[in-house]
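Reading through the structure tokens given below for one structure.
The values are calculated or read from the model by the stated rules, or taken from the named source; none is laboratory data. Nothing here was measured: the structure is a model prediction, and the numbers come from that model. As a convention, Cβ positions derive from the backbone with ideal geometry for all residues, glycine included, and neighbour counts pool all protein chains shown.
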Amino acid sequence: MKKTVSILIPCYNEEENVGPMSEAIVELFETQLTQYEYELVFIDNDSHDRTRELLREICGKNPRIKAIFNAKNFGQFNSPFYGILQTTGDCTISMVCDFQDPIDLIPKYLEEWENGYKIVIGIKTSSKENKIMYVLRSIYYKLIKKFSDVEQIEHFTGSGLYDRSFVEVLRELKDPKPFMRGIVAELGFRRKEIPYEQPQRRAGKTHNNFYTLYDAAMLSITSYTKIGLRLATFAGCICGGLSFLIALIYLVLKLIMWDQFQAGMAPILIGMFFLGSIQLFFIGFIGEYVLSINERVMNRPLVVEEERLNFTKDEDK
């Protein structure tokens with residue numbers, strides 16, 4: 001009996017890529033990977049272009065291609081994680097829709113899976129994206145890896161193969177704000193890493209901006225490090241000590257040189273503004289931790305579906 005491989009493709013405004021992506025994956029399984037059955041699952045995060053219209057046409061032509069339409073945009077982490085939970089194969093391979101996760105990784109993932117690895121992931125060794133962004137990402141990964149109590153995987157974007165046994169672990173998490181990159185490192189089985197060069201997007205524009213990148217960075221920091229809280233504590237102690245020392249020096253000079261010492265209000269104002277800025281910075285930093293806790297305590301659903309295509313009743317979860 002053939003094993004079934006599930007391919008999960010999260011998408012958002014990918015009207016130029018959903019067609020070529022589905023064609024490339026179907027061709028791969030029908031020509032090179034004929035020893036496997038497959039299901040191709042698209043999960044659309046409330047696209048506003050023709051993505052859903054095209055997915056309806058694609059699903060209408062091939063019953064092995066399925067689609068989930070989210071009721072709204074649930075963010076860059078919830079939607080792919082939820083999609084993995086909806087797959088039914090013996091393993092699930094997650095890849096982005098813009099071809100930046102090369103299709104030729106799929107046979108390599110499956111080869112290592114057959115060798116016994118429950119998790120096989122892609123690791124970017126280089127990228128044809130913006131060079132500055134790649135350098136900044138590298139610095140970010142190294143910082144997170146240094147400060148985290150949990151092992152962190154550098155240049156892992158989430159693309160990889162996950163055995164059904166690991167998918168079952170994910171189903172038991174009940175995490176309303178899942179960070180897949182951290183979860184794989186923290187809870188995953190023994191894994192195999194496949195290096196690759198990340199190509200440019202095939203078509204369309206990236207949906208990443210400062211806010212989405214900042215959101216990803218803060219989620220990993222608040223979920224897997226204590227550095228923000230520790231920095232706030234240390235900075236408070238250091239600034240408090242310096243302030244006391246400066247105040248003591250100011251008092252001594254004032255007493256010794258009563259007539260000549262005319263510092264005025266400048267030192268006081270500078271000190272107030274400095275300490276105020278430090279306090280505001282770390283209040284905001286601590287607020288990120290509180291926000292992360294709040295989102296988890298509310299325990300809202302990962303995704304609310306609007307519609308699903310080509311799923312049988314037994315597969316509705």
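Failed condition for residue 165, given (1) in a helix (DSSP H, G or I); (2) of a type outside the set (Val, Ile, Thr); (3) buried (at least 19 other Cβ atoms within 10 Å of the Cβ); (4) modelled with pLDDT of 90 or more, with all others met? Residue 165 satisfies every listed condition except (3).
For the range 96-110, the set of residues classified as under 14 Å from residue 196 (Cα atoms) and touching a residue at least 40 places away in the same chain (Cβ under 8 Å) consists of 99, 100, 101, 102, 103, 105, 106, 107, 108, 109, listed by residue number. Test residue 90 against the stated conditions and say whether it is surrounded by fewer than 21 Cβ atoms within 10 Å (Cβ to Cβ), touching a strand residue (DSSP E or B) at 6+ places or on another chain (Cβ under 9 Å) and at positive phi. It is false that residue 90 is surrounded by fewer than 21 Cβ atoms within 10 Å (Cβ to Cβ), touching a strand residue (DSSP E or B) at 6+ places or on another chain (Cβ under 9 Å) and at positive phi.
All told, residue 2 falls short of being farther than 27 Å from residue 166 by Cα and not small (Gly, Ala, Ser).
Every listed requirement among (1) among the small types (Gly, Ala, Ser); (2) surrounded by fewer than 24 Cβ atoms within 10 Å (Cβ to Cβ); (3) under 24 Å from residue 75 (Cα atoms) is met by residue 6 save one, (2).
How many residues are touching a strand residue (DSSP E or B) at 6+ places or on another chain (Cβ under 9 Å), loosely packed, with under 12 Cβ neighbours inside 10 Å and at pLDDT 70 or above when one looks only at the range 278-317? Summing the residues that are touching a strand residue (DSSP E or B) at 6+ places or on another chain (Cβ under 9 Å), loosely packed, with under 12 Cβ neighbours inside 10 Å and at pLDDT 70 or above in the range 278-317 gives 1.
Scanning the range 63-84 for residues that are buried (at least 19 other Cβ atoms within 10 Å of the Cβ), under 23 Å from the mean Cα position of the chain (by Cα) and free of Cβ contacts under 8 Å to residues at least 60 places away in the same chain turns up nothing.
Scanning the range 95-118 for residues that are under 16 Å from residue 27 (Cα atoms) and among the β-branched types (Val, Ile, Thr) returns 103, 106.
Quick grid of which residues meet (1) assigned to a strand (DSSP E or B); (2) within 22 Å of residue 76 (Cα to Cα); (3) at pLDDT below 80:
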residue	(1), (2), (3)
134	no, yes, yes
138	no, yes, yes
141	no, yes, yes
145	no, yes, yes
152	no, yes, yes
156	no, yes, no
176	no, yes, yes
184	no, yes, no
196	yes, no, no
